[in-house]
1. I need 124, 312, 44, 236 ordered by Cβ neighbour count within 10 Å, fewest first.
2. Go through the range 248-300 and name the GluC sites (Glu not before Pro) that are in a DSSP coil and have 13 or fewer other Cβ atoms within 10 Å of their Cβ.
3. Roughly how large, in nm² to one decimal, is the mean projection of the convex hull of the alpha-carbon atoms in the range 2-172?
4. Are there any trypsin sites (Lys or Arg not before Pro) in the range 140-247 that are in a DSSP loop and have at most 15 other Cβ atoms within 10 Å? List them by number.
5. Count neighbours as other Cβ atoms within 10 Å of each site's Cβ, and list the trypsin sites (Lys or Arg not before Pro) in the range 94-144 that are DSSP loop with at most 11 such neighbours.
6. How many lysine pairs are close in the range 2-172, with Cα atoms under 13 Å apart and the two 8 or more places apart or on different chains?
7. Answer rounded, prolate or oblate for the range 187-354, using the Cα gyration tensor with square roots of eigenvalues a ≥ b ≥ c: rounded when a/c is under 1.5, else prolate when a/b is larger than b/c, else oblate.
8. Would you please give the FRET efficiency between residue 81 and residue 259, computed as 1/(1 + (r/R0)^6) with r the Cβ-Cβ distance and R0 = 56 Å, to the nearest 0.05?
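No value in this document is a laboratory result; all are computed from the given coordinates. Because the structure is predicted, anything quoted here is derived from the model rather than measured. Note that we place each Cβ from the backbone using ideal geometry, even for glycine, and neighbour counts take in every protein chain shown.
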Amino acid sequence: MNIGILCYPTYGGSGVIATELGKALAEKGHKIHFISYNQPVRLDAFNENLFFHEVRFNNYPLFKYAPYETALTSKIVDVAKTHNLDVLHVHYAIPHAAAAVMAKNILKRIGIKIKIVTTLHGTDITLVGKDKSFEPVVSHSLIESDVVTAVSNSLKLETYENFSYDGDIQVVPNFIDFQRFNKQPKDHFKKIIAPNNEKVIVHTSNFRKVKRVPDVLKVFRKIAKEIPTKMLFIGDGPERNSIEKECMSYDMCKDVTFLGKQEAVEEILSIADLFIIPSETESFGLAALEAMACEVPVISTNSGGLKEVNIDGVTGFTSDVGDTDKMAKDALHILKEENLSQFKALAKMHSLKFKLDTILPIYEKLYQ
Ligand code: GMT
C-alpha cells in the first residue's frame with residue numbers, strides 16, 4: 001500500500017511511535033511517505049520504501065500566525081496525487097487530523113479517494129484538545145476520519161467523555177522494538193555511574209509540567225535517605241532548568257546527574273534498577289514501557305493509561321498523583337535485594353505483550 005504518515009518530528013512519544021511504525025511497514029514492502037515540518041528524529045536509516053516530504057512555506061508579513069495547517073493540507077494533497085496514496089495515518093489530532101480531513105475533501109472534488117486513520121496519543125485529547133476553542137475541530141476531525149484509534153483504554157474513555165464523537169475507537173497500544181530495547185551488558189558503565197554498587201534510578205521525559213519532575217526529586221531524596229542511590233535524568237524541556245537549580249540546593253545533588261537528550265536510552269536503562277514516572281496525566285507512558293523492556297520495574301502514578309502498562313504490585317507500583325511518600329515506600333520495597341530480581345523479571349515479561357510484531361498487523365488490517 002501507499003501510506004502517508006503525518007506526525008510531529010520531535011522526540012515526543014507520538015512522533016517516535018509514528019516513525020517506528022513507518023519504518024516497520026517499509027520493511028514489509030509498503031511505500032511510506034512521511035509528511036512533517038522536519039525530518040522525524042527516528043527516521044535515521046535509508047530504506048528504498050521510505051520517503052520524507054517537508055512542509056515549507058514563506059511567512060508573509062501580513063500573517064501574525066504562520067498558516068501551518070494550510071501549508072500541511074496543500075502538501076498532503078500534492079503527495080497524495082503524486083504518489084497515489086491509499087491511506088493517511090495521522091498521529092496526534094491537532095492539527096494533523098483536521099488538515100487530513102480538509103485534504104480528503106479537496107481530493108474528493110478531483111475524483112481521488114483517500115482514507116484517514118487517526119491515532120490519538122494523549123495530550124491531543126487530555127490537555128490541548130479539551131481546550132474549548134479546539135473541541136469543535138477535534139470532534140469534527142474524529143467524525144470525518146474513517147478509523148479512529150487510541151493508545152489506551154483510558155484515552156478511549158476520555159475521548160468519549162470530552163468530545164462529540166460516538167463512533168468506534170479501537171485501542172491499539174504503543175509498542176516496542178525488542179531488538180533495540182533489551183538489557184545490555186553495560187557493567188563498565190554501571191561502575192562509572194555507581195562505583196560503590198549504589199542503586200540506579202532513571203527518569204526520562206520532556207520536562208513539561210504534566211510530567212511532575214519535581215516529584216521525582218522528592219521521591220529520590222526520600223529513597224537516598226535510606227539507601228545509597230544514584231539518580232539519572234534523561235531529556236530536556238521547559239522545567240529542566242528550575243529542577244536542576246532546585247537540586248543544587250540539596251546535599252544529595254552529587255548523586256544526581258542531568259544527562260539531557262540521549263539517543264541510546266536503552267544503554268542507560270540497562271544499568272537502571274528503577275524507573276520513576278509520576279505524571280499528572282499520561283495516556284500510555286511509552287517511556288515506562290521502554291524501561292520495562294530493559295528489565296526495569298516502574299514507580300508511576302495511576303493516572304490515564306499508566307495502570308494498563310505498569311501493573312500494580314507486579315511490574316512495579318502505582319500511586320495517586322503527588323503521593324510521593326507512598327512512591328518512596330514502594331520504591332524501597334522494590335529495591336530490597338530479596339525483591340528486586342522478581343520485579344525486574346515480571347516487568348520484562350509484561351512488556352513482551354507490546355511487541356512491534358504483534359501491533360504491526362493490527363494497523364495493516366485497519367488500513368485494509
Ligand atoms: O509525553 C509527551 O508529552 C509526548 C506525547 C506525544 O504526543 O508525543 O506523548 C503521548 O503519546 C505517547 C505515544 O502514544 C504516549 O506514550 C504518552 O503517554 C503520551 N503523553 C501523555 O499523555 C502526556
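1. In increasing order of surrounding Cβ atoms, one gets 44, 312, 236, 124.
2. Working: sites: 263, 266, 267, 280, 282, 290, 295; in loops: 263, 280, 282, 295.
Hits after loop and neighbour filter: 263.
3. Details: hull surface 41.0 nm².
Projected over every direction and averaged, the Cα hull of the range 2-172 covers 10.3 nm².
4. Numbers: sites: 156, 180, 183, 186, 190, 191, 199, 208, 209, 211, 212, 218, 221, 222, 225, 230, 240, 245; in loops: 180, 183, 186, 208, 212.
The qualifying sites are 180.
5. Values: sites: 104, 108, 109, 113, 115, 130, 132; in loops: 113, 130, 132.
Of the trypsin sites (Lys or Arg not before Pro), the ones in loops of the range 94-144 whose Cβ has at most 11 other Cβ atoms within 10 Å are 113, 132.
6. Values: 23/31; 75/104; 81/104; 81/108; 81/113; 104/113; 104/115.
Total qualifying Lys-Lys pairs in the range 2-172 comes to 7.
7. Working: a/c = 1.31, a/b = 1.11, b/c = 1.18.
Rounded, because the longest to shortest axis ratio a/c is under 1.5.
8. Values: r = 45 Å, r/R0 = 0.80.
The formula returns an efficiency of 0.80 here.
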